[in-house]
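Taken together, the values in this text are just the output of simple stated rules run on the coordinates, not laboratory data. The model shown is predicted, which means the values in this text are computed figures rather than measured ones. Cβ: placed from backbone, ideal geometry, glycine included. Neighbour counts: every protein chain shown.
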Amino acid sequence: MKWVNEWDRRLEYHDEHWLYFEGRPLYGLLYDLHDNGTFRYQEEYVAGRPTGVATYWYPDGKMSAETKIVDGITESREWFENGQLEKENIYHPGDVSVAEREWNENGILISEYLSFPGNFYGKNGTLRKFSHDGKPILVEEYKLGQLIKTESDL
């Protein structure tokens, strides 16, 4: 597997997601380093497209984020510097379903969005927001991009 630094002048970006190295689609790992020499990130590419695992780290070596792309399904997670999970996202492009969750630095869920399958543009599901201590404060229901129901101060 080829390792390529993101600053290599032989890299070419085509559109938003295609990466070429020496005139051909990249097969390998793209990476960059923090000033202290530790990895900042590494991303797997197959046929010039991000595929597999992309991992990101804080300068002290702790993982800050990870994204996995398998068969078009994207799962990503981000962590606070204290190691607490901050965000989680699962995206299925075929049926356009999404699951997103967000926590505060103390591990309390503060936001959750679950969508329903459907080929559309806009929200199509349930958004829940929580207070800093985890109590529900807002629920919104969306259908085909339109807000159809709101409950607040629950």
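Starting from one equal scatterer on each C-alpha and no solvent at all, send me the Debye-based log10 I(q)/I(0) for the chain at q = 0.09, 0.14 Å⁻¹, two decimals.
-0.41, -0.86
When a/c reaches 1.5 or more, the comparison of a/b and b/c decides; with that in mind, is the stretch 1-84 rounded, prolate or oblate per its Cα gyration tensor? Kindly include the intermediate steps, with their values, before the conclusion.
Working: a/c = 2.72, a/b = 1.39, b/c = 1.96.
Oblate shape, in that a/c is at least 1.5 and b/c is the bigger or equal ratio.
Pairs on different chains or at least eight residues apart, Cα atoms closer than 28 Å: how many lysine pairs in the chain fit?
Lysine pairs satisfying the spacing and distance rule in the chain number 18.
Only four residue types carry charge here, +1 at the Cβ of Lys and Arg and -1 at the Cβ of Asp and Glu. Report the dipole size of the stretch 45-96 about the Cα centre in Debye, rounded to the nearest 20.
160
With +1 on the Cβ of every Lys and Arg and -1 on the Cβ of every Asp and Glu, and nothing else charged, how large is the dipole of the stretch 1-77 about its Cα centre, in debye rounded to the nearest 20?
160
In terms of modelled amide H atoms, which long-range or inter-chain residues lie less than 5 Å from the amide H of SER111?
Long-range HN contacts for SER111: GLU102, PHE130.
Explain nothing, just the number: dipole magnitude of the chain about its Cα centre with +1 on each Lys and Arg Cβ and -1 on each Asp and Glu Cβ, in debye rounded to the nearest 20.
Dipole about the Cα centre, nearest 20: 300 debye.
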